[in-house]
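Asker: Okay, handing you the structure first.
Each value in this text was obtained by applying a stated rule to the coordinates, not by laboratory testing. Just so you know, these numbers come straight off a predicted model, no measurement behind them. Because the Cβ atoms are built from the backbone with ideal geometry, glycine has one as well, and the counts that use them run over all protein chains shown.
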């Protein structure tokens, strides 16, 4: 790693690792490197980190973050190299006051990227505004695939079971009921559709569908939801957030088509 990549300033940080801007001297380009330090990380965190790199590397699509390399430092720290995106997350853009029409344009791009993943049998399972990056040219890239699983079993879902509060699979505010209850067999593309519905709800109401800091707080809230404003977009949002997976659009491609008709 040391000979090829030159690390620069930190540009992001979270439970899944630290991201730095870097220079790839072999290809003479700027990249982003995400690094997970061996000290202080669990086996489960390391397995999820590898998944986070391997899944998008297998999904070549304009709206999925390109991953260029995966490796380990001499100290045993895991790292992967991805495209450096100069931009802001959807969470940041919404906070900055982005117009509703612009946000819907971005969400249609997300639906195209997730729709491609769903067609390949891959679920993201952690769709939220902070995992969607808006680039300098208006392109949207779906990030953070560490909780992804394959319905064909090509991604090892057994390494990521439902665990204790604070390590729940997915983000509580956007999580589908079948995901919150740990019903792995009931999860499908409609689970990601629920999360996208949560983003639509936040766009309409100014807040995520549910507020909870622990799984125990979330479970009693799964069947309650303040209604969004009436109209085609509100109706589509409610359909996406249905507690019945069969009542939702069945994949992101279908949701994208409906979203275009609901504007």
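Asker: Using the basic label-point model (7 angstrom from Cα toward the beta carbon), what is the residue 18 to residue 42 distance in nanometres?
Answerer: 2.2
Asker: Quick one: if you stick a label point 7 Å off each Cα along the C-beta vector at residue 73 and residue 102, how many nm between them?
Answerer: Once both label points are built, they end up 3.7 nm from each other.
Asker: Rank these for me by crowding, 2, 48, going from fewest to most other beta carbons within 10 Å.
Answerer: Arranged by neighbour count, lowest to highest, 2, 48 become 2, 48.
Asker: Now, a different point. Counting only C-alpha contacts under 8 Å and six or more residues apart, can you give the relative contact order of the chain as a whole percent?
Answerer: Worked out over the chain, it gives 15 percent.
Asker: If I build a Gaussian network model for the chain, linking alpha-carbon pairs within less than 10 angstrom, which residue out of 108, 139, 183 has the largest mean-square fluctuation?
Answerer: Between 108, 139, 183, it is 183 that shows the largest mean-square fluctuation.
Asker: Now a separate question. May I ask for log10 I(q)/I(0) of the chain at q = 0.07, 0.08, 0.17 Å⁻¹, from a Debye sum over the Cα atoms as equal point scatterers with solvent left out?
Answerer: Each listed q corresponds, in turn, to -0.24, -0.31, -1.39.
Asker: For each of 72, 34, 83, count neighbouring Cβ atoms within 10 Å of the residue's Cβ, then give the residues from fewest to most.
Answerer: 72, 83, 34
Asker: For the chain, set up a Gaussian network in which alpha carbons nearer than 10 Å are linked by springs, and say which option among 42, 171, 60 fluctuates the most.
Answerer: 42
Asker: Let me ask another. Compute the helix-to-body angle for 189-205: its Cα long axis versus the longest principal axis of the chain, expressed 0 to 90° and rounded to tens.
Answerer: Taking the Cα atoms of the chain, the angle to 189-205 is about 70 degrees.
Asker: If I take the Cα coordinates of the range 5-83 and project them onto the principal axes, what are the three extents in Å, biggest first?
Answerer: For the range 5-83, the Cα spread along each principal axis is 32, 27, 21 Å.
Asker: With springs only between Cα atoms under 10 Å apart, run a GNM on the chain and tell me which of 84, 44, 123 wobbles the most.
Answerer: Comparing 84, 44, 123 in a Gaussian network model of the chain, the most mobile one is 44.
Asker: Separate question: Using alpha carbons only, how many angstrom separate the centre of the range 74-128 from the centre of the range 184-202?
Answerer: Going from one Cα centre to the other spans 15 Å.
Asker: Quick check on the chain: helices-only [θ] at 222 nm, where DSSP H runs of length 4 and up contribute -39,500 (n - 2.57) each and the sum goes over total residues. Nearest 500, please.
Answerer: Helices in the chain give a 222 nm mean residue ellipticity of -10000 deg cm²/dmol.
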